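The values are calculated or read from the model by the stated rules, or taken from the named source; none is laboratory data. Since this is a predicted model, take the numbers as computed values, not measurements. Cβ placement follows ideal geometry from the backbone for every residue including glycine, while neighbour counts extend to all protein chains displayed. Side chains included, ligands, DNA and RNA excluded: accessible areas come from the protein's heavy atoms. Shrake-Rupley method; radii C 1.70, N 1.55, O 1.52, S 1.80 Å.
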Amino acid sequence: MAFAPVGPEASFFEVLDQHRASLLAALRRGGGEPADGGTRLASSSEVLASIESVIQDVISSLARNKAPVFTIDNRSSWENIKFEDSVGLQMVPHCTRRKIKSDSPKSVKNFALILKILSIIYKLVQSNTHATKRDIYYTDSQLFGNQTVVDNIINDISCMLKVPRMSLHISSTSKGLIAGNLRYIEEDGTKVHCTCGTTAVAVPSNIQGIRNIITDAKFLLIVEKDATFQRLLDDNFCNRMSPCIMVTGKGVPDLNTRLLVKKLWDTFHIPVFTLVDADPHGIEIMCIYKYGSMAMSFEAHNLTVPAIRWLGLLPSDIKRLNIPRDTLIPLTKRDQMKLDSVLKRPYVTCQPFWRKEMEIMADSKMKAEIQALTFLSSDYLSRVYLPNKLKFGGWI
């Protein structure tokens, strides 16, 4: 079922259509993507077998009067991370590992918590039921201490078992929002109809369960901050640029928002753009969507969208648009450290235009929020800046 066109004339999308054609050509040259849309899931029997193997190792160690040990790939060192432009950041095959020992005062509690959560996961998979990370925390909140402990252990288990987190039957509450020309059916049969109005829809908590996805969108715009996302909706941007889709992860994106962006790219191969603040934090968020993160590098194939382009706010735009210096913000010491860190990352080598923009920021020692554009006019972002960028190819 087609969406009623209410956006600009077809000629507006010429450059966007050319960009999409080049993306598709690049996919064909690279041999395309897996038939399952790039997502590699593990079956319930595979997950159960992996957990049983881990427990068998524990039992074998005890039978030999040896203290059991869990061995997990070390995801905190860049030495263990490799970069491929077509995938992003991923673990090297033979990386260094860390040991979680059952006879060490420093790690015995962590060992016990891993065993407890492995037991919970085994029951979930066996019974074909699901639980949220919050549910698991509340099974024994005093034992876990805080939610972050649970989150980190679940990631460790996913990495140890070499199983995507979504195959563990553990979900997390989504914080992201989506709007625009998109319809789909959730796993429980709920029909979701996103609109271009002022109200957005929460990103589903079970991305692999959604089906019958329908869109005629010309592009997907990822907006860093919720405030900017809401302002664009209020300014009727989504309607005026229809057909399109907008997504926000409300800052650093959660897993579900990243999975949704990945699924939309794998399914439709429409151009994907980011709108982030011209600061080191915004650039890093964009890099997470595009190339992934060190912490989730073991699952890069399921999460990254290397085809993403940086639409704005570019540091070079600040000078080009004559945005006054008094609307800019000086880089803090923490900002400068973050910028230096990003500039050293392996993916910057293949992004010379990104490097140039970051060097402009470093030289000026200033950063800018997207709201700086309101100096030009209150709706400059939605009525001038973004439409011109999209029409004339102002992305890198």
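Here are some notes:
- Among the candidates Ser167, Ser172, residue that is touching a strand residue (DSSP E or B) at 6+ places or on another chain (Cβ under 9 Å) and either buried (at least 20 other Cβ atoms within 10 Å of the Cβ) or touching a residue at least 12 places away in the same chain (Cβ under 8 Å) (or both): Ser172
- Residue that is nearest to Ala372 (Cα to Cα), among those in region 307-338 that are open to solvent by less than 30 Å² (accessible area, probe 1.4 Å) and within 20 Å of the chain's Cα centre (by Cα): Leu313
- Out of Asn80, Asn146, Asn74, Asn152, sole residue that is under 26 Å from the mean Cα position of the chain (by Cα), open to solvent by less than 20 Å² (accessible area, probe 1.4 Å) and modelled with pLDDT under 95: Asn80
- Residue-level analysis places Ser158 among those that are buried (at least 20 other Cβ atoms within 10 Å of the Cβ) and at pLDDT 90 or above.
- Count - residues of region 362-380 that are of a type in the set (A, V, I, L, M, F, W, C) and either open to solvent by 70 Å² or more (accessible area, probe 1.4 Å) or farther than 15 Å from Asn322 by Cα (or both): 2
- For region 239-247, the condition of being open to solvent by 30 Å² or more (accessible area, probe 1.4 Å), in a loop (DSSP other than H, G, I, E, B) and of a type in the set (S, T, N, Q) holds for none of the residues.
- Residue that is most open to solvent (accessible area, probe 1.4 Å), among those in region 83-134 that are in contact with a Lys or Arg (Cβ under 8 Å, 6 or more places away or on another chain) and without any contact (Cβ under 8 Å) to a residue 12 or more places away in the chain: Val108
- Among residues of region 187-200, those that are open to solvent by 40 Å² or more (accessible area, probe 1.4 Å) and either over 17 Å from Thr129 (Cβ atoms) or in contact with a Cys (Cβ under 6 Å, 6 or more places away or on another chain) (or both), counted: 6
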